[in-house]
Amino acid sequence: MQYTWKDIEGHVAACTRCPLSRTRNHPVMGRGNGGADIMLIAEAPGGEEDRQGIPFVGPSGEILDSLLRDCGLKRAEIYITNIVKCRPPGNRDPGEEEKEACFPYLKYETYLLKPAVIVCLGRVAAQRILSPDFKITRQHGSWTYRKNYALTATYHPSAILRDSSKYGAVKQDFCEIVKKRDELRLSGRTDCRRV
Ligand code: URA
């Protein structure tokens with residue numbers, strides 16, 4: 001069966017696959033350009049995202065917008081989602097069962113989007129997508145290639161809220177992400193007409 005974006009959104013909206021469905025206000029489906037070359041994957045919705053049902057609309061979203069602006073990117077050109085679509089109470093890390101219960105949605109989003117570049121924002125996403133022992137501090141900005149995807153990770157924007165000195169390093173990672181997207185476009189590995 002071939003799901004559409006609308007189907008996935010409907011499944012996420014009605015999801016009861018894990019206990020987070022009992023404490024959420026709104027599930028937060030990924031958002032952005034359904035033909036984007038760049039897919040950002042973060043951890044889980046925070047309080048404001050849970051209230052509005054939209055990813056990155058709280059304080060981390062302001063930092064994210066500033067990083068995008070500094071690298072000449074717009075939200076309208078990218079797709080942003082989370083490992084889990086419902087807020088863990090108190091913003092704790094999502095549990096293993098919660099991540100696994102939600103993983104099929106991320107797989108469908110990736111399948112439909114077919115991004116050229118996948119960016120993990122923060123430890124939780126990097127350890128689920130890249131490697132269980134991924135160390136953001138040492139390995140952020142490094143690249144791996146899997147199937148048709150170039151994958152990387154950088155700090156979660158909330159890390160900058162806690163320590164503003166990280167902004168420069170994350171900005172550099174974001175600018176490298178744009179360069180990688182442009183290189184892949186030039187080499188014909190992405191379809192420029194979709195953006
Ligand atoms: N933090 C996340 O990891 N995701 C969001 O959508 C917002 C804040």
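Quick one: accessible area per residue over segment 1-155, 1.4 Å probe, rounded to a whole number of Å²?
48
Straight-line reach from K147: which lysines have a Cα under 23 Å away, not including same-chain ones fewer than 8 places off?
K99, K107, K114, K135, K179, K180
So what J values fall out for segment 121-129 if you push phi through Karplus, 6.51 cos²θ - 1.76 cosθ + 1.60 with θ = phi - 60°, rounded to Hz, Gly and Pro as x?
Karplus-based 3J(HN,Hα) across segment 121-129 equals 9, x, 4, 4, 5, 5, 6, 7, 9 Hz.
When only DSSP loop residues count, what trypsin sites (Lys or Arg not before Pro) in segment 97-160 have their Cβ near at most 10 other Cβ atoms within 10 Å?
The qualifying sites are K147.
Would you grab the residues whose amide H sits under 5 Å from the one on A153? Only those 5+ places off in sequence or on another chain, please, with H modelled 1.01 Å from N.
Placed amide hydrogens put C120, G141, S142 under 5 Å from A153.
Run the Debye formula on the Cα coordinates of segment 5-194, all scatterers equal and no solvent, and tell me log10 I(q)/I(0) at q = 0.11, 0.14 1/Å.
Log10 of I(q)/I(0), two decimals: -0.44, -0.74.
Give a quick list of chymotrypsin sites (Phe, Trp or Tyr not before Pro) in segment 115-169 that DSSP marks as loop, anything other than H, G, I, E or B, with at most 15 other Cβ atoms within 10 Å.
For chymotrypsin sites (Phe, Trp or Tyr not before Pro) across segment 115-169 that sit outside H, G, I, E and B with at most 15 neighbouring Cβ atoms in 10 Å, the list reads W143.
What residues qualify as long-range amide H neighbours of I78, i.e. H under 5 Å apart, gap of 5 or more or another chain, H built at 1.01 Å from N?
N33
Report, to the nearest whole %, how much of the accessible area of the chain belongs to carbon and sulfur atoms, 1.4 Å probe, protein only.
The computed percentage sits at 50.
Of S165, L112, I78, which is farthest towards the positive pole of the chain's charge dipole, taken about the Cα centre with +1 and -1 on the beta-carbons of Lys, Arg and Asp, Glu respectively?
It is L112, whose Cα lies furthest towards the positive end.
Normalised by the residues of segment 5-194, what does the relative contact order come to in percent, with Cα pairs under 8 Å and at least six apart?
On the way: 324 pairs, mean separation 45.8, N = 190.
So the answer I get is 24 percent.
Skipping prolines and chain starts, which residues have an amide H placed within reach, meaning under 5 Å, of the one on V28, given they are 5 or more residues away or on another chain?
Close amide H contacts, sequence-distant or interchain: C86.
The values are calculated or read from the model by the stated rules, or taken from the named source; none is laboratory data. In this text, all values refer to a predicted model and were calculated from it rather than measured experimentally. Neighbour counts run over all protein chains shown; Cβ positions are idealised from the backbone, glycine included. These area figures cover heavy atoms from the full protein model, side chains too; ligands, DNA and RNA do not enter into them. Shrake-Rupley method; radii C 1.70, N 1.55, O 1.52, S 1.80 Å.
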